[in-house]
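Worksheet: the structure to be examined is printed underneath.
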Amino acid sequence: MLKESMKMAWSNIIHNKMRSFLTVLGVLIGVSSIIALITIVQGATGSITSQISSLGADKITIQAMGTRLKQGLNENDLVQLSRVNNVSGVSPTVSGKTSLVYDRNVKTGVSVEGKNEVYFKKESDILARGRGVNILDVNNKNSIAVIGYDLAKELFFGTEPVGQQILINGNTVTLVGVLNESSGSILGSTNNTVIMPYTSAMKTLGVRNITSVDVYMSDANESESITNDLTTILNSAFNYRENTFSVLNMQNIIDVIGNITGMLTLLLAGIASISLLVGGIGIMNMMLVSVTERTTEIGLRKALGAEPAQIQLQFLIESIFISLFGGILGLILGIIIALSAAVIMDFTFTITAWTIILAVGFSAAVGTIFGLAPARKASRLNPIDALRHV
Amino acid sequence: MSEILNMLDIVKCYFLDAEELVVLNKINLKINEGEFVSILGPSGSGKSTLMNIIGCLDVPTSGKYILANNDVEDLDEKELARIRNREIGFVFQSFQLLQRLTALENVELPMIYAGVSPENRHKRAAEILGRVGLADKMNNYPNQLSGGQQQRVAIARSVVTEPTILLADEPTGALDQKTGQQIMQLFKELNDEGRTIIMITHDTNIARYSKRIVNILDGCLNEGAVS
Ligand SMILES: Nc1ncnc2c1ncn2[C@@H]1O[C@H](COP(=O)(O)OP(=O)(O)O)[C@@H](O)[C@H]1O
Ligand SMILES: [Mg+2]
């Protein structure tokens, strides 16, 4: 009987091609806009989040402008910061621009950064060859450096830089390692940078204070308590003066973005659902017209022995077919829209099984809900009245 | 011969704005297997109302109606649908074929609701269409058939499930005289093969084809002459 009902429903859909198409279109627009909006928002969120994560989701960055008397952090402050619970290490960043000389090649305005052993341990994948900065380099202010990818290529033309000596701001420095090519982030890349032990860098660049520190967390879930502890130390280091430092927690930013985009997804899906609702009303309208048009047919079928439930099933299947059809086409169109958006807006397109289930399930539900009333109406028609209706 | 239909004091009233209209007034009718009965009466006498009750499309206001050993009063919607499917084959004045289906598919319709398998449906429908002389028109749509041919399809549809009663309401009403006579000839043949037929008509000439005539006037039945 189910197969027969499907056959009959299909034949009716085919018979009223234009009307069926327009009704399908209503559902299609609703479903495709839901799919496209959800996928685009999720894709864009993913790309923003991963960009922020690439800056270090396990990292808290301190910027310490300091007071007039104390312009930045000292060794003692660093030790205190590294002792905070769930902190696995701290790495100061000293940076400046200076000249660099190798074999009669002079390059000015080269970015020099000072880091410590923690940085090379945590960011283990940045090193291509040789070694990074170790604790002895830091303690002994060794005149060594690690050279960025592009800079190495430019100065050494393919010969091995490791072991060579260069002049940084007039000081002789031995190169001990080469960095990997960096794809860069919104904060720039290390490709044209030379990294030295921060103690040596401070000497070379003439920097007296540490104004930037990366704090590595062993447990990113504790970022809030860590942030509080760091703030306490910094407050006491700068005599509780205002605007002397900032503590930037990537996880906080990611969480906030996640909240905003989550709300945005709900809002957009809600708006798109309205169009699906309109599509559902379209189905109901079509089915009501169809029932009225086919009153005589319903009467005849009843006279020939169709039970009310069988009539109801036939009409219900018809509306479910229409909306499922719209749902599947809407899914395809939604994916196409989202794919185009992914290419244009440059994020990675992903579609979850959940989204597909949502689209198909939603449209089947719409077909059932909005088809039920017309189908019931059809099943309850009085056969005599129906047969008399011409 | 066994009795297949028994009506006892059937009354049908319509209530229009508190005014009672008695359309059938204490109808008593017994029909045995194999009969060919005409219910003859002028327009408005209550023929169609009676036919709707016989065909279980409508229920009487009062009285008892036994069809093939079922008291129709006791049946619900679903059981009434089954009774119509098994016991009654309808032939209407306006044929009532579905325009979107071929002759063969139209004949298959009642078998769908009887739960017959598709293969058996095709076979049986083709057989019966051959029997009414439409072997070469099986795949035609109703609008590709003449009135007489359409009524033959409708008759094929009415007997394809081997119902207890073939119930026809003015079956020749929409046909010219000659075609009408051919259709009546077909009814006669079907009756000769043992099928019970109840036919409703206002035309005495058409009623003559049956073996028994029951007159109806203003909702009252009168047994008439046997031809
Ligand atoms: N649903 C109805 N409501 C009110 N009156 C009806 C209804 N159906 C039929 N009638 C009346 O019942 C009478 C008999 O009708 P019907 O059985 O169709 O007669 P016939 O078929 O013999 O022409 C008519 O007077 C008609 O107006
Ligand atoms: Mg009538």
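The values are calculated or read from the model by the stated rules, or taken from the named source; none is laboratory data. Note that the coordinates shown come from a computational prediction; the quantities given were computed from them, not determined experimentally. No Cβ is skipped: glycine too gets one built from the backbone with ideal geometry, and neighbour counts run over all protein chains shown. Accessible surface areas use protein heavy atoms only, side chains included; no ligands, DNA or RNA. Shrake-Rupley method; radii C 1.70, N 1.55, O 1.52, S 1.80 Å.
Of all residues being under 16 Å from A:Asn16 (Cβ atoms) and among the acidic types (Asp, Glu) in region A:290-317, which is nearest to the other protein chains (Cβ to nearest Cβ)? Just the residue, please.
Looking at the filtered set, the residue picked out is A:Glu297.
Failed condition for B:Met111, given (1) more than 10 Å from every other protein chain (Cβ to nearest Cβ); (2) open to solvent by less than 10 Å² (accessible area, probe 1.4 Å); (3) at pLDDT 95 or above, with all others met?
With respect to (1) more than 10 Å from every other protein chain (Cβ to nearest Cβ); (2) open to solvent by less than 10 Å² (accessible area, probe 1.4 Å); (3) at pLDDT 95 or above, B:Met111 is out only on (1).
Residues A:Ser91, A:Ser95: which one is open to solvent by less than 80 Å² (accessible area, probe 1.4 Å), more than 30 Å from A:Gly158 (Cα to Cα), under 33 Å from the mean Cα position of the chain (by Cα) and at pLDDT 85 or above? So that I can check it myself, show each step before the final result.
On the way: A:Ser95 fails: more than 30 Å from A:Gly158 (Cα to Cα).
Going through A:Ser91, A:Ser95 in turn, just one is open to solvent by less than 80 Å² (accessible area, probe 1.4 Å), more than 30 Å from A:Gly158 (Cα to Cα), under 33 Å from the mean Cα position of the chain (by Cα) and at pLDDT 85 or above: A:Ser91.
Between A:Leu234, A:Leu187, which is modelled with pLDDT of 85 or more and not basic (Lys, Arg)? So that I can check it myself, show each step before the final result.
On the way: A:Leu187 fails: modelled with pLDDT of 85 or more.
When all the criteria are applied, what remains is A:Leu234.
Condition first: within 20 Å of B:Ser38 (Cβ to Cβ) and either more than 14 Å from chain A (Cβ to nearest Cβ) or among the acidic types (Asp, Glu) (or both). Now tell me which residues in region B:153-172 satisfy that. Step through it out loud before you land on a result.
Of region B:153-172, the ones within 20 Å of B:Ser38 (Cβ to Cβ) are B:154-155, B:158-159, B:163-172.
Selection gives B:Asp169, B:Glu170, B:Pro171, B:Thr172.
Checking B:Ser45 against (1) touching a residue at least 40 places away in the same chain (Cβ under 8 Å); (2) farther than 28 Å from B:Arg152 by Cα: exactly one of these is not met. Which one?
Condition (2) is where B:Ser45 drops out.
Can you tell me which residues in region B:38-66 are open to solvent by less than 50 Å² (accessible area, probe 1.4 Å), more than 16 Å from ligand 2 (Cβ to nearest atom) and more than 14 Å from chain A (Cβ to nearest Cβ)? Walk me through how you get there before you give the answer.
As a first pass, look at region B:38-66 and keep what is open to solvent by less than 50 Å² (accessible area, probe 1.4 Å): B:38-41, B:45-47, B:49-58, B:60, B:63, B:65-66.
Next, only the ones that are more than 16 Å from ligand 2 (Cβ to nearest atom) stay: B:56, B:60, B:63, B:65-66.
B:Gly63, B:Tyr65, B:Ile66 - these are the residues of region B:38-66 that are open to solvent by less than 50 Å² (accessible area, probe 1.4 Å), more than 16 Å from ligand 2 (Cβ to nearest atom) and more than 14 Å from chain A (Cβ to nearest Cβ).
Those residues that are among the aliphatic types (A, V, I, L, M), part of a helix (DSSP H, G or I) and more than 52 Å from the chain's Cα centre (by Cα), I need them from region A:285-309; list them, please.
Matches in region A:285-309: A:Ile298, A:Leu300, A:Ala303.
Between B:Ile53, B:Ile27, which is part of a helix (DSSP H, G or I) and either at pLDDT below 95 or within 16 Å of ligand 1 (Cβ to nearest atom) (or both)? Break it down stepwise before answering.
Numbers: B:Ile27 fails: part of a helix (DSSP H, G or I).
Answer to the check: B:Ile53.
Could you please give the count of residues in region A:186-198 that are closer than 25 Å to A:Leu155 by Cα and touching a residue at least 60 places away in the same chain (Cβ under 8 Å)?
The initial filter retains those residues of region A:186-198 that are closer than 25 Å to A:Leu155 by Cα, namely A:187-198.
Checking the rest, the ones that are also touching a residue at least 60 places away in the same chain (Cβ under 8 Å) come to A:187, A:190, A:192-198.
So the count comes out to 9.
Cβ-Cβ distance below 7 Å, separation of 6 or more or different chains: which pairs start in region B:84-110 with a residue that is under 12 Å from B:Ile128 (Cβ atoms) and end on one that is modelled with pLDDT of 95 or more and within 16 Å of ligand 1 (Cβ to nearest atom)?
Sorted first by the residue in region B:84-110, then by its partner, the pairs are B:Gly89/B:Leu167.
The rows are residues; the columns are (1) open to solvent by 40 Å² or more (accessible area, probe 1.4 Å); (2) assigned to a helix (DSSP H, G or I); (3) not assigned by TED's automatic domain parsing to the domain that holds A:Asn85.
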position	(1), (2), (3)
A:Asn139	yes, yes, no
A:Val146	no, no, no
A:Leu155	no, yes, no
A:Val162	yes, no, no
A:Val173	no, no, no
A:Asp214	no, no, no
